[in-house]
Amino acid sequence: MENPLAARCRKKMGTALVHDEEMTRYKLLWFDPACAIETPERLTVSHEALVRTGLAARCVPTPVREASDDDILLVHSKEYLDAVKKTPYMTLDDLKEFTLHYGDVYFHPNIYHCAKLAVGAALQLVDAVMTGKVRNGMALVRPPGHHSMRSAASGFCVFNNVAIAAKYAQQKYAVQRVLIVDWDIHHGQGVQYAFEDDPSVLYFSWHRYEHQEFWPNLRDSDYDCVGKDNGAGFTINVPWNKIGMQNSDYLAVFCHVLLPVAYEFGPELVLVCAGFDSAIGDPEGEMCATPDVFAHLTHLLMNLAGGKLCAVLEGGYNLTSLSQSVCLTVQSLLGDPPPRPTDLQGPCQSALESIQCVRSAHRKYWSCLQHAAERPSSDVSTKLEASGEARVSKADLVWPQPARHLPPALGTAAVIPEDLLCPLGCFRFPRDPHSQDVDVSTWSSLTPRRDVDVSTWSSLTALVGRLEKNEIRNGLALVSDVSMAMAHVFGHTPKQRVLVVCVGDTEVLSGLPEDGKTLTVHFSKEALDKPRCKYYIPVCLKKSLMQAACSLLLPLSYQYDPDLVLLARVPGSHVDQSEWQQLVGLLQGLAGGHMLVLIQEGEKTLVGPTASSLSGSPASSLGPLPAPGAEDIEALESLKWRLTTDWKLLQTCKDFTACCSTKAATT
Ligand code: Q9C
Ligand code: ZN
C-alpha cells in the first residue's frame with residue numbers, strides 16, 4: 001500500500017551500520033579486574049542481536065577503514081600517536097609496562113590496528129551521513145573512545161573516535177555546529193577537554209559521579225564545569241550522585257536540559273557517544289534505566305540537524321542489556337516507533353538536584369534557561385549526603401525482555417479530497433461511501449459551522465480503528481471543521497487515552513469530557529481559556545514553541561502515556577512549517593507512533609510537509625533559535641510550576657520551598 005517511490009526514497013535515506021569483525025581481535029592478556037569487563041564478546045553479541053532481529057538487514061552495510069595519521073592528529077599529539085604505533089611490536093612485558101602510564105586501559109599487539117579501524121568507522125559514518133548516502137547510522141566499534149585524551153589512553157579508550165569525527169566533519173564538510181551527546185555512564189573527559197574552549201561543539205554528558213567518588217573522579221565532571229573562554233556554556237555536565245537512576249530521570253534531563261539547549265544551539269550534525277553502561281544490569285553504571293529508554297533518547301535527537309545523527313558505540317558491559325539497547329537504538333534510527341515508555345513515575349530527588357544545579361549553572365549562557373531556579377543551598381551538592389532515598393541496584397537485577405520487535409505497521413494514511421494528489425510516503429485512505437449516522441448529540445456545545453463532510457467522518461472512524469489495531473501507523477486528514485472532526489474521533493474511541501495537541505488561535509472542544517480520557521494541550525498566541533482541570537492545559541506563547549514542546553509538552557505527554565495522539569491545526573496558527581514538522585516528529589515517540597493529524601481545509605499546503613514527517617522524514621532543521629522572549633519563558637516556567645503537583649515529570653527543582661522563594665524573588 002505504500003507508495004513505491006516513497007519506499008525507494010526511504011531506502012536511499014537509510015541507516016548505515018558500520019561494523020567489522022576485526023575489532024573483536026584484541027583482548028586483555030593478563031590479570032586485571034578493572035579491565036576484565038571490556039571483552040570482544042561485547043561487539044559479537046551486539047552485532048548478532050542486530051542480525052537475529054532482522055535489524056541489520058534493514059541497514060545499509062558500510063565498511064570500516066583505517067584512520068590516517070592526519071585523522072588521528074586532529075585530536076591527538078604526534079608523540080602519543082608515535083608511542084601507540086610501537087605497541088604492535090612490543091613483548092607482553094613491554095605492553096604491560098606501557099599500559100601502566102595510563103589509567104584503566106590495556107594494550108594488545110592488535111589494539112593499534114583496531115583503534116585505527118574504530119576511528120575510521122566513525123569517519124565512514126560521518127562521510128555516509130554528510131554526503132547524503134544515508135540519513136543516520138551507528139558504528140559498532142572497539143576500542144571505545146571518549147576517555148582518551150590528546151596524549152593519553154584512558155578507560156579502555158585509545159583514540160577519541162567521536163572527538164575526531166567532530167573535527168573531521170567540521171574540516172571536511174564545513175559543519176558549523178556539532179552537538180555531541182554522551183549518554184555513556186562515564187564522563188567522556190577526553191571529549192570535554194578536546195572542545196572545552198570551542199563554542200562550535202556543544203558537549204553534553206551525564207555520568208555516574210557520586211560527588212567525585214566514582215571514576216574518573218574528576219572535579220572537571222561536575223555541573224559547574226561549563227567550558228572555558230569562548231567555549232563557556234558549551235560543555236554541559238550532568239552528574240548522577242546516586243546509582244539506580246531510572247527512565248524518568250533520563251527523560252527529565254533530556255526534556256529540561258539537553259533538548260531545550262540543543263534546539264537553541266541548532267546543530268548541523270549530532271554525534272552520540274553511545275555507551276550502554278547507563279542501562280540496567282550494567283556492572284559499572286549500576287543504573288536502572290531499561291533498554292527501551294534508548295529508543296526514546298535516540299528518537300528525541302532525530303529531528304535535530306535535519307536528522308543527521310551518528311551513533312558510535314562506547315561502553316556497555318552487561319552483554320544482555322548492551323545488545324538489547326543497541327537494537328533499540330538502531331530500531332529508532334531506522335524510523336520504527338519507540339515502544340511505549342515504561343515506569344515514568346517522575347525523577348528522584350537526587351536527579352532533581354542535579355537538574356536544578358545544571359540548569360542554574362547554565363542560565364547565563366542559554367536563554368531557554370534564563371529563568372531556571374537558583375541551585376539548592378551550596379553545601380548540599382558538593383559533599384556526600386547521608387543516603388535518604390536509596391534506590392538499590394545489584395547484580396541480580398532482572399528486567400523485562402523488550403517486546404519482540406514487530407514489523408512496523410503499514411505507513412501513513414491520508415484522508416484527503418479526491419482532487420488532491422496523494423502526498424509522497426502516504427497511501428490514500430478510502431472515504432467511506434456508506435456513511436453511518438453520526439451521533440454528535442453528546443457534543444452539544446459544538447455546532448457545525450459549515451457543511452459537514454460526513455463521509456470524511458466515517459472515514460476517520462475507520463482509520464482510528466485501524467490505528468488502534470496497529471494495522472496502520474499514523475494518518476492525516478484534511479477536514480472542513482477540525483472541532484467537529486475531533487469530536488467525532490472522540491465519540492468513537494471510548495476506551496482510549498487520547499493526547500490532544502492543538503495549535504492555533506481558535507478555541508476548540510469546549511465540550512470535551514474532563515475525566516482523564518483526554519489530555520489537551522493547546523498552544524495559542526492569544527490567551528484563550530483558563531485551565532479548567534489537570535487535563536486541559538492552554539499555553540499562550542508569542543514564540544518559543546520548541547522550548548515549550550521540549551520542557552512542557554514532552555514531559556506531560558510521556559507521563560500521560562496516551563494510546564493515541566491527535567494533533568490538530570486550528571485556524572489562526574502562528575507556528576511555521578518547520579516547527580510544525582518538529583512537533584509531528586517529536587510526538588511520534590508517544591503511543592507507539594500512533595498519531596492522527598487533523599488539518600483545517602484552508603491549510604492545504606501543510607499536507608505535504610506533514611505527510612513527510614509522518615512517514616519518517618526528519619523535520620527540516622530550524623537552525624539556531626532566536627532568544628525566546630523573557631515573557632514566554634516566564635509564562636512557561638510559571639505554568640510548569642503550577643502543574644508540577646499533578647505531573648511529576650515537569651519538576652526541575654529538588655523541593656518546593658527552595659523554588660518558591662526563588663520564584664518569589666524573580667517575579
Ligand atoms: N569501577 C567506557 O565505558 N574503570 N570506559 C572504572 C571503577 C574504568 C569505562 C573502575 C571504566 C572505563 C568506555
Ligand atoms: Zn562507560
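The values are calculated or read from the model by the stated rules, or taken from the named source; none is laboratory data. Everything quoted here is computed from the prediction, not taken from an experiment. Cβ coordinates were reconstructed from backbone atoms using ideal geometry, including for glycine residues, and neighbour counts include every protein chain displayed. Each accessible area value is taken on the protein alone, full model and side chains, heavy atoms only, with ligands, DNA and RNA left out. Shrake-Rupley method; radii C 1.70, N 1.55, O 1.52, S 1.80 Å.
A helix-only calculation puts the chain at -9500 deg cm²/dmol for mean residue ellipticity at 222 nm, using -39500 (n - 2.57) for each DSSP H run of at least four residues, averaged over all residues. With loop membership from DSSP and a limit of 16 other Cβ atoms within 10 Å, the longest segment of the chain without chymotrypsin sites (Phe, Trp or Tyr not before Pro) is 32-667.
Rounded if a/c is under 1.5, else prolate if a/b is larger than b/c, else oblate: which is region 151-272, with a ≥ b ≥ c the root eigenvalues of its Cα gyration tensor? Write down the numbers at each step before the final one.
Numbers: a/c = 1.73, a/b = 1.27, b/c = 1.37.
Because a/c hits 1.5 or more and a/b fails to exceed b/c, region 151-272 counts as oblate.
Cβ under 12 Å from Cys273's Cβ, Cys273 left aside: what net charge do those residues give with Lys, Arg +1 and Asp, Glu -1? Kindly include the intermediate steps, with their values, before the conclusion.
On the way: positive: none; negative: Asp182, Asp184, Asp277, Glu314.
With Lys, Arg at +1 and Asp, Glu at -1, the neighbours total -4.
Within region 466-503, list the trypsin sites (Lys or Arg not before Pro) lying in a DSSP loop whose Cβ has at most 10 other Cβ atoms in a 10 Å radius.
Qualifying residues, ordered by number: Lys469, Lys495.
When DSSP beta bridges are restricted to pairs lying wholly in the chain, around 5% turn out antiparallel.
So what is the relative contact order of region 19-343, in percent, for Cα pairs below 8 Å that sit 6 or more residues apart? Relative contact order of region 19-343: 18 percent.
If a/c stays under 1.5 just call it rounded; otherwise compare a/b with b/c (prolate if a/b is bigger, oblate if not). Do that for region 19-343, with a ≥ b ≥ c from the square roots of the Cα gyration tensor eigenvalues.
Values: a/c = 1.23, a/b = 1.20, b/c = 1.03.
Rounded.
If I take R0 = 30 Å and measure r between the Cβ atoms of Ser455 and Lys542 in this structure, what FRET efficiency does the formula 1/(1 + (r/R0)^6) give, to the nearest 0.05?
0.15
Of the accessible area of the chain, with the probe set at 1.4 angstrom, what percent is carbon plus sulfur? Intermediate results must be reported in sequence, preceding the final value.
Details: 12640 of 23820 Å².
Carbon plus sulfur share of accessible area: 53 percent.
What does the charge add up to near His146, with Lys and Arg as +1, Asp and Glu as -1, over the other residues with Cβ less than 11 Å from its Cβ? If you can, show how the numbers build up before the last one.
Numbers: positive: none; negative: Asp182, Asp184, Glu314.
Residues close to His146 contribute a combined charge of -3.
Where both bridge residues fall in region 19-343, DSSP classifies roughly 5% of the beta bridges as antiparallel. Placing dummy labels 7 Å off each Cα toward the beta-carbon, the span from Ala403 to Ser638 is 4.1 nm. Treating r as the C-beta distance of Gln171 and Asp82 and R0 as 30 Å, the FRET efficiency rounds to 0.85.
Using the Cα gyration tensor of region 517-633, with a ≥ b ≥ c the square roots of its eigenvalues, what is the shape: rounded (a/c below 1.5), prolate (a/b larger than b/c) or oblate (neither)? It comes out rounded by the Cα gyration axes.
With both labels modelled 7 Å from their Cα along Cα-to-Cβ, the Asn110 to Leu424 distance reads 4.5 nm.
For Lys640, the aspartates and glutamates whose Cα falls under 15 Å of its own Cα, not counting residues fewer than eight places away in the same chain, are Glu631, Asp632, Asp655.
What percent does the relative contact order of the chain come to when contacts are Cα pairs within less than 8 Å and at least six residues apart? List each step's numbers first, then the result.
Working: 1456 pairs, mean separation 87.3, N = 667.
About 13 percent, as a whole number.
Between the alpha-carbon centres of region 99-156 and region 538-563 there is a gap of 37 Å.
Tell me the net charge near Pro109. Cut-off is 13 Å between Cβ atoms, Pro109 excluded, with +1 for each Lys or Arg and -1 for each Asp or Glu. Don't jump to the answer; show the numbers that get you there.
Numbers: positive: Arg25, Lys27, Lys85, Lys86, Lys96; negative: Asp93, Asp94.
Net of charged neighbours comes to +3.
At a Förster distance of 22 Å, what's the computed FRET efficiency of Asp646 paired with Thr342, Cβ-Cβ distance as r, to 0.05? The partial results should precede the final answer.
Details: r = 20 Å, r/R0 = 0.92.
That gives a FRET efficiency of 0.60.
Estimated at 0.36 nm per residue, the fully extended path between Leu218 and Leu73 surpasses their Cα-Cα distance by 49.7 nm.
Please tell me which of these pairs span more than 22 angstrom C-alpha to C-alpha: Lys364/Lys654; Lys530/Lys654; Lys86/Lys172; Lys530/Lys604; Lys228/Lys542?
Numbers: Lys364/Lys654 20 Å; Lys530/Lys654 28 Å; Lys86/Lys172 29 Å; Lys530/Lys604 31 Å; Lys228/Lys542 34 Å.
From Lys364/Lys654; Lys530/Lys654; Lys86/Lys172; Lys530/Lys604; Lys228/Lys542, over 22 Å: Lys530/Lys654; Lys86/Lys172; Lys530/Lys604; Lys228/Lys542.
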